[in-house]
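This report refers to the structure that appears directly beneath it.
No lab work stands behind these numbers, since they all come straight from the coordinates. What you are looking at is a predicted structure, and each value in this text was computed from that prediction instead of being measured. Cβ placement follows ideal geometry from the backbone for every residue including glycine, while neighbour counts extend to all protein chains displayed.
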Amino acid sequence: MDRKTVLSKVTKIVSEKLGVDEKKITETSKLVDDLNADSLDLVDLVMAVEEEFGVKIADSDLEKISTVKDVVDYILSRS
C-alpha cells in the first residue's frame, strides 16, 4: 500500500472518530493539540486503525505517536 492510500484511509478514520472535517486534517495535525482527541478518542482511533490495516499498535509505541504523520509512518513500517 502506498503512502497516499494510507494517508487517505487514516484521514478518513480520524475524521470519523474525532468528528473533524477531513479537509482540516493534514499530516502535521497533532491528534491531541490540533484535533482535540482525548485518551478515550485515542483508544478508539487505535482500534479502528488496527482493524483497518491489520497492525497491532503496542502501548509503548503509542506514546511516540502524536501526529497523523506518525500514524501513517507506523503503518507503513509494519506493512
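Of all residues in the stretch 1-34, those being hydrophobic (A, V, I, L, M, F, W, C) and over 24 Å from GLY54 (Cβ atoms) number 2. When the stretch 50-71 is filtered for residues that are in contact with a strand residue (DSSP E or B) (Cβ under 6 Å, 6 or more places away or on another chain) and in contact (Cβ under 8 Å) with a residue 40 or more places away in the chain, only THR67 remains.
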